[in-house]
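Chemist: Mind having a look at this structure? Questions to follow.
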Amino acid sequence: MRHRKAGNRLERTSSHRKAMLRNMVTSLLEHERIVTTTPKAKELRKIADRMITLAKRGDLHARRQALSVIRDKKVVAKLFNELSDEYRDRNGGYTRIIQTGQRLGDAAPMAIIELVNYSEKQQQAEAAEDN
């Protein structure tokens, strides 16, 4: 019985799952948008939202907790300096999952997971290029 055991195991060992999700959250916070399978995106959303909440707290202990998961100092610096300010007034729900259909090889359900402010940044970047 799996009573009180939250989270999808994704058919991996715990060490593999932990390493994979750490890599994925690092990539998500670095690029602000990644393409993955839907179950992985749903598990990734939990960790990414927790990291942004830590960044909003902003103290040294929160930074060290984020470094224990992310393991890339540049991404943590971006998280605490840039992303925390963007989501200061938002109470959760920092990521968006967009279903994109099925993968051709194995028909796995695919999704795009992105930070909520991603489209606004992209529009501002395009406007800056036009000027």
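Chemist: If you only keep lysine pairs separated by 8 or more in sequence, or across chains, how many in region 14-130 come under 21 Å at the Cα atoms?
Modeler: 14
Chemist: Using Cα-Cα distances under 8 Å and only pairs 6 or more residues apart, what relative contact order does the chain have, in percent?
Modeler: RCO, the chain: 28 percent.
Chemist: List every residue whose amide H lies under 5 Å from the amide H of residue 102, counting only residues 5 or more places away in sequence or on a different chain, with H placed 1.01 Å from N in the peptide plane.
Modeler: The list, which skips near neighbours in sequence, is 110.
Chemist: Further, regarding this structure: Hey, got a sec? Which GluC sites (Glu not before Pro) in region 3-56 land in a DSSP loop and have at most 15 other Cβ atoms within 10 Å?
Modeler: 11
Chemist: For residue 17, what is the net charge nearby, where nearby means another residue's Cβ is under 12 Å from its Cβ and Lys, Arg count +1, Asp, Glu -1?
Modeler: Charge balance in the 12 Å sphere: +3.
Chemist: Using only Cα atoms, locate the centre of region 58-131 and the centre of region 1-54, then give the distance between them in Å, rounded to an integer.
Modeler: 13
Chemist: Could you work out the local net charge near residue 128, counting Lys and Arg as +1, Asp and Glu as -1, over the other residues with Cβ closer than 15 Å to its Cβ?
Modeler: Computed value for this residue: -3.
Chemist: Could you state the orientation-averaged shadow area of the convex hull built on the Cα atoms of region 45-131, in nm² to one decimal?
Modeler: Result: a mean projected hull area of 7.9 nm².
Laboratory data are not the source of any read-out in this text; all were calculated from the coordinates shown. Computed from a predicted model, the values in this text were never measured in an experiment. When we count neighbours, we look across all protein chains shown, and the Cβ atoms used for this are built from the backbone with ideal geometry, even at glycine.
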